[in-house]
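Student: Below are the structure tokens for one structure; questions will follow.
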Amino acid sequence: MNPAEQLASGLRALGLDIDAPAQARLLAYAALLDKWNRTFNLTALRAPDKAVSHHLLDSLAILPYLGEGVLLDVGSGGGLPGIPLAITRPDLAVHLLDSNSKKTAFLQQAVIELELRNVTVHCRRIEEFQPAQPFATIVSRAFAELADFVRPTRSLLAADGCWLAMKGLLPHEEIARLPAGIVVDRALPIRVPGVDGERHVLILKDAGAVRREGV
């Protein structure tokens, strides 16, 4: 299958109804990512034949779990999963955060070329990032450890918001090391067409923040 056929087939397998213009924009993003990845280290995966499965479909597998409100993609790197999510949810305000200036230069170029009016790019360390309002959803594919993902972003999450953590095997030991008050609301297996091995999305919430909001 060519990339367009692979994408359309994968979206059907995921049960996602994405229109043709958005699919074309997803493929344009994958091509742009491949072009820039030849010069800059945007992603560890450099095989063009795996871009649809391992970049686009893997990112979009969490689309059904996105709610309303503003989304933050932490350590966005090459824009995964934030840009695919922004392309398929033009109603959603998406913020991409990364401290690497070369990566954020790519992200800004992608936003311009793909005309993503719902995306804002920030070149900041998490500790220095001071948004105007908290985020309804915080997502990342870049953090190896759950605690390292939620701890520095805890103050950025709205009281009724959630983190979406994308993982392979269900990380029982990482869950046990989560900071006090952080709870796993749901741990859901996902099947990504073309990606071997187990994949999970963990939906995490700050129970302490919910209680404080209710006081």
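The values are calculated or read from the model by the stated rules, or taken from the named source; none is laboratory data. Keep in mind that what you see is a predicted model, and the values were worked out from it rather than measured. Methodologically, a virtual Cβ is constructed for each residue, glycine included, from the backbone with ideal geometry; neighbour enumeration extends over all protein chains shown. The area values use the complete protein model at the heavy-atom level, side chains included, leaving out ligands, DNA and RNA. Shrake-Rupley method; radii C 1.70, N 1.55, O 1.52, S 1.80 Å.
Student: Looking at region 199-215, which of the residues that are part of a strand (DSSP E or B) and open to solvent by 30 Å² or more (accessible area, probe 1.4 Å) is modelled with the highest pLDDT?
Tutor: This residue is LYS205.
Student: Let me ask you something else. Can you tell me which residue within region 87-104, out of those that are within 21 Å of ALA158 (Cβ to Cβ) and open to solvent by 10 Å² or more (accessible area, probe 1.4 Å), is nearest to the chain's Cα centre (by Cα)? Lay out the reasoning, then the answer.
Tutor: Start the filter on region 87-104 by keeping residues that are within 21 Å of ALA158 (Cβ to Cβ), which leaves 89, 91-97.
This time we only want the ones that are open to solvent by 10 Å² or more (accessible area, probe 1.4 Å), so: 89, 91, 93, 95.
Details: ARG89: 12, ASP91: 16, ALA93: 13, HIS95: 10 Å.
Looking at residues that are within 21 Å of ALA158 (Cβ to Cβ) and open to solvent by 10 Å² or more (accessible area, probe 1.4 Å), I get HIS95.
Student: Among LEU157, LEU107, LEU170, LEU116, which is more than 23 Å from LEU14 (Cβ to Cβ), touching a Pro at 6+ places or on another chain (Cβ under 9 Å) and open to solvent by less than 60 Å² (accessible area, probe 1.4 Å)?
Tutor: LEU157 is the lone residue from the list that is more than 23 Å from LEU14 (Cβ to Cβ), touching a Pro at 6+ places or on another chain (Cβ under 9 Å) and open to solvent by less than 60 Å² (accessible area, probe 1.4 Å).
Student: I'm trying to understand the selection: among the residues of region 132-146, which are farther than 13 Å from LYS167 by Cβ and open to solvent by less than 40 Å² (accessible area, probe 1.4 Å)?
Tutor: PHE135, ALA136, THR137, ILE138
Student: Another question, if that's okay. When you go through (1) part of a helix (DSSP H, G or I); (2) in contact (Cβ under 8 Å) with a residue 24 or more places away in the chain; (3) of a type outside the set (A, V, I, L, M, F, W, C) one by one for THR43, which number turns out not to apply?
Tutor: Among (1) part of a helix (DSSP H, G or I); (2) in contact (Cβ under 8 Å) with a residue 24 or more places away in the chain; (3) of a type outside the set (A, V, I, L, M, F, W, C), the lone unmet condition for THR43 is (1).
Student: As an exercise: evaluate ALA165 against (1) open to solvent by less than 30 Å² (accessible area, probe 1.4 Å); (2) touching a residue at least 40 places away in the same chain (Cβ under 8 Å); (3) hydrophobic (A, V, I, L, M, F, W, C); (4) touching a strand residue (DSSP E or B) at 6+ places or on another chain (Cβ under 6 Å) and give the number of the one condition it does not meet.
Tutor: ALA165 satisfies all of (1) open to solvent by less than 30 Å² (accessible area, probe 1.4 Å); (2) touching a residue at least 40 places away in the same chain (Cβ under 8 Å); (3) hydrophobic (A, V, I, L, M, F, W, C); (4) touching a strand residue (DSSP E or B) at 6+ places or on another chain (Cβ under 6 Å) except (2).
Student: Would you pick out the residues in region 1-36 that are outside any helix (DSSP H, G or I) and free of Cβ contacts under 8 Å to residues at least 24 places away in the same chain?
Tutor: MET1, ASN2, ASP17, ASP19 - these are the residues of region 1-36 that are outside any helix (DSSP H, G or I) and free of Cβ contacts under 8 Å to residues at least 24 places away in the same chain.
Student: Something else about it: Go through region 62-86 and count every residue that is part of a helix (DSSP H, G or I) and open to solvent by 10 Å² or more (accessible area, probe 1.4 Å). Talk me through it step by step, then tell me what you get.
Tutor: If we filter region 62-86 for residues that are part of a helix (DSSP H, G or I), which is where we start, we get 63-65, 82-86.
Restricting the remaining residues to those that are open to solvent by 10 Å² or more (accessible area, probe 1.4 Å) gives 63-65.
Summing the residues that are part of a helix (DSSP H, G or I) and open to solvent by 10 Å² or more (accessible area, probe 1.4 Å) in region 62-86 gives 3.
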